[in-house]
1. Considering ARG281, ARG234, which residue is part of a helix (DSSP H, G or I), touching a Pro at 6+ places or on another chain (Cβ under 9 Å) and of a type outside the set (A, V, I, L, M)?
2. Search segment 188-198 for residues being open to solvent by less than 70 Å² (accessible area, probe 1.4 Å) and among the aliphatic types (A, V, I, L, M), and hand back the single one that is farthest from ILE247 (Cα to Cα).
3. Which numbered condition trips up LEU115, out of (1) open to solvent by 10 Å² or more (accessible area, probe 1.4 Å); (2) under 24 Å from LEU252 (Cβ atoms); (3) touching a residue at least 60 places away in the same chain (Cβ under 8 Å); (4) touching a helix residue (DSSP H, G or I) at 6+ places or on another chain (Cβ under 6 Å)?
4. Of the numbered conditions (1) in a loop (DSSP other than H, G, I, E, B); (2) touching a helix residue (DSSP H, G or I) at 6+ places or on another chain (Cβ under 8 Å), THR108 fails exactly one; give the number of that condition.
5. Residue by residue through segment 73-105, note down the ones that are without any contact (Cβ under 8 Å) to a residue 60 or more places away in the chain and not in a loop (DSSP other than H, G, I, E, B).
6. For segment 64-92, name all the residues that are surrounded by fewer than 17 Cβ atoms within 10 Å (Cβ to Cβ), within 18 Å of ARG103 (Cβ to Cβ) and of a type in the set (A, V, I, L, M, F, W, C).
7. Quick one: is ARG242 assigned to a helix (DSSP H, G or I), in contact (Cβ under 8 Å) with a residue 24 or more places away in the chain and open to solvent by 30 Å² or more (accessible area, probe 1.4 Å)?
8. Hey, can you tell me all the residues within segment 268-296 that are under 22 Å from the mean Cα position of the chain (by Cα) and crowded, with 21+ Cβ neighbours inside 10 Å?
Amino acid sequence: FCISWLIHAYGLEGHRMAEPTTQSRWQRFLDNDVTWSFLHTPSAIVAACVTVIAVSAALAAPWIAPYDPFDPSQISLWDGKLPPAWVEGGSSAYLLGTDNQGRDMLSTILYGGRLSIVVGFVAVFLGMLLGVTLGVISGYLGGKVDAIIMRFADVQLTIPGILLAILINGIGRAILPIDMRDDFAIYVVIIAIGLTDWPQFARVARGATMVEAQKEYVQSARVIGLPGWLIMIRHILPNTLRPILVIATIGLALAVIAEATLSFLGQGIPPTTPSLGTLIRVGNEYLFSGLWWITLFPGIALVVLVFAVNLLGDWMRDALNPKLR
């Protein structure tokens with residue numbers, strides 16, 4: 001949503017002439033429609049605060065986490081399966097208890113959240129890069145190129161995303177040697193999720209490109225002899241960013257859920273590497289043994305993060321829609 005402010009406030013949605021003004025940049029920032037909408041939408045403010053706190057805590061895990069779940073010297077099997085500190089049998093050294101390997105739950109959630117967020121961001125960026133590129137090319141060139149690209153997208157959209165991600169993840173694991181699968185598991189998951197998400201970006205970018213390609217400024221660029229690739233990058237692409245940013249925001253939440261789903265099914269991150277999905281999977285095996293905290297706390301962290309990002313996506317969809325102003 002920070003990028004959306006820049007697009008609206010500084011004219012990145014088109015090459016229009018800058019109007020002379022004596023207002024400061026801060027005043028223009030406060031006066032634009034996106035900022036006004038954000039400051040007058042309590043749910044968006046709360047969602048933004050929760051998202052910033054969650055992402056900041058996850059990225060700062062090496063500095064704020066009580067323990068390092070990757071350091072064997074800080075893990076004791078004797079402390080495994082301890083309940084939270086406020087429950088009988090808990091220890092003040094482990095606020096949210098420990099998992100079956102003796103890892104501090106608070107530390108594993110922070111590190112696991114960081115891994116899930118990084119996987120989500122990179123996967124969405126990969127899907128957006130591939131989808132927007134193919135969508136703009138398809139919408140601008142049309143003809144057989146458009147038909148081929150869109151038929152591939154249509155075929156992929158008929159397959160449930162999680163099943164396609166499992167298929168791509170399985171193919172990636174089969175190609176890699178056995179001793180390298182765990183080391184490259186994160187990259188395989190990112191590629192699987194990214195290749196699953198590109199059709200929705202391609203369809204939106206194609207629609208926006210077809211609209212922009214008929215406008216006068218694009219026709220003028222063609223008349224003066226600008227090459228097609230330059231027109232697509234310099235003139236058409238900036239005008240397709242608004243709907244794409246909305247999809248990317250919502251896609252981030254879906255990518256985090258996809259990673260958690262793959263890890264829960266045993267097709268994603270290895271159990272030895274903490275992520276929100278692997279923590280929920282491990283806790284599910286001990287749920288009926290009374291070790292509820294191993295599943296509950298990572299589940300709450302996942303729900304809060306996804307819900308906050310979805311609220312931001314809903315706000316961006318409304319704020320960047322000119323028909324609702």
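1. On the way: ARG234 fails: touching a Pro at 6+ places or on another chain (Cβ under 9 Å).
Being part of a helix (DSSP H, G or I), touching a Pro at 6+ places or on another chain (Cβ under 9 Å) and of a type outside the set (A, V, I, L, M) holds for just one of ARG281, ARG234, which is ARG281.
2. Going through segment 188-198, the residues open to solvent by less than 70 Å² (accessible area, probe 1.4 Å) turn out to be 188-190, 192-198.
Subset that is among the aliphatic types (A, V, I, L, M): 188-190, 192-193, 195.
Working: VAL188: 23, VAL189: 20, ILE190: 18, ALA192: 18, ILE193: 15, LEU195: 15 Å.
Among those that are open to solvent by less than 70 Å² (accessible area, probe 1.4 Å) and among the aliphatic types (A, V, I, L, M), it is VAL188.
3. LEU115 satisfies every listed condition except (4).
4. That leaves (1) as the condition not met.
5. Those that are without any contact (Cβ under 8 Å) to a residue 60 or more places away in the chain and not in a loop (DSSP other than H, G, I, E, B): SER73, GLN74, LEU77, TRP78, ASP79, THR98, ASP104.
6. Scanning segment 64-92 gives ILE64, PHE70, LEU77, TRP78, ALA85, VAL87.
7. On the way: assigned to a helix (DSSP H, G or I): yes; in contact (Cβ under 8 Å) with a residue 24 or more places away in the chain: yes; open to solvent by 30 Å² or more (accessible area, probe 1.4 Å): yes.
For ARG242, the condition - assigned to a helix (DSSP H, G or I), in contact (Cβ under 8 Å) with a residue 24 or more places away in the chain and open to solvent by 30 Å² or more (accessible area, probe 1.4 Å) - is met.
8. Correct list: GLY268, ILE269, PRO274, SER275, LEU276, GLY277, THR278, LEU279, ILE280, ARG281.
The values are calculated or read from the model by the stated rules, or taken from the named source; none is laboratory data. Fair warning: this is a prediction, and the values are worked out from it, not measured in the lab. Note that we place each Cβ from the backbone using ideal geometry, even for glycine, and neighbour counts take in every protein chain shown. The area values use the complete protein model at the heavy-atom level, side chains included, leaving out ligands, DNA and RNA. Shrake-Rupley method; radii C 1.70, N 1.55, O 1.52, S 1.80 Å.
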